[in-house]
Amino acid sequence: MADVTIYHNPQCSKSRQAIELLDARGATYDVVRYKDQHPTRATLAELLEIVEAPTRAFVRWGDASKAGLDVADRDDPAAVLDLLTEHPELLERPIVVRGGRGVIGRPTEAIADLLDS
């Protein structure tokens, strides 16, 4: 079993940089290609709990606006969960989880800090 999980989009440069960092650190990790393997609402709720970021940080709001989606409730966890459950492609990336803690890997140094702690 891997000690790290990364929610990854291979088209995203930051997500690819995260994979490079994990490889360089010799981390054993599982990759969740969240656009292919849509996270459940329960998984998304767990991420909201363990990732050290405000609720609004989980959504790519510019992409949501361009798609004409309601973006009024950015700080409401239930609204964010509804949005991400229906539109997993809007999940900010990468998200890296290790040992019951997680970070959004923007900047990539946040991942290094998680691995070092």
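The values are calculated or read from the model by the stated rules, or taken from the named source; none is laboratory data. Keep in mind that this is a model prediction, so the values were computed, not measured. For neighbour counting, all protein chains shown are included, and Cβ atoms are generated from backbone atoms with ideal geometry for every residue, glycine included. Accessible surface is based on the protein model in full, side chains and every heavy atom, while ligands, DNA and RNA are left aside. Shrake-Rupley method; radii C 1.70, N 1.55, O 1.52, S 1.80 Å.
Of note:
- Length gained on full extension, D82 to S65: 4.6 nm, using 0.36 nm per residue less the C-alpha separation.
- Between K35 and D3, the distance separating the two model label sites (each 7 Å from Cα on the Cα→Cβ line) works out to 3.1 nm.
- DSSP beta bridge pairing in the chain, given as percent antiparallel to the nearest 5: 65 percent
- Using a Förster distance of 22 Å, the FRET efficiency for E89-D116 (Cβ separation, nearest 0.05): 0.10
- Compared with the dominant Cα axis of the chain, that is its longest principal axis, helix 13-24 is turned about 20°.
- Site pair R101 and A42 shows an inter-label distance of 2.6 nm when each label is modelled 7 Å from Cα along Cα→Cβ.
- In degrees, nearest ten, helix 77-86 long axis to first principal axis of the chain (Cα): 80 degrees
- Per residue solvent-accessible surface (Å²) - the chain, probe of 1.4 Å: 53 Å²
- Among 43-55, 96-108, sorting by the average number of other beta carbon atoms lying within 10 angstrom of each residue, highest first, gives 96-108, 43-55.
- Helix 41-50 axis versus longest C-alpha principal axis of the chain: approximately 60°, rounded to the nearest ten.
- Protein heavy-atom surface of the chain, 1.4 angstrom probe: 47% of the accessible area is carbon and sulfur, with nucleic acids and ligands not counted.
- The Cβ shell under 9 Å around R106 holds other residues with a net charge of +1, Lys and Arg each +1, Asp and Glu each -1.
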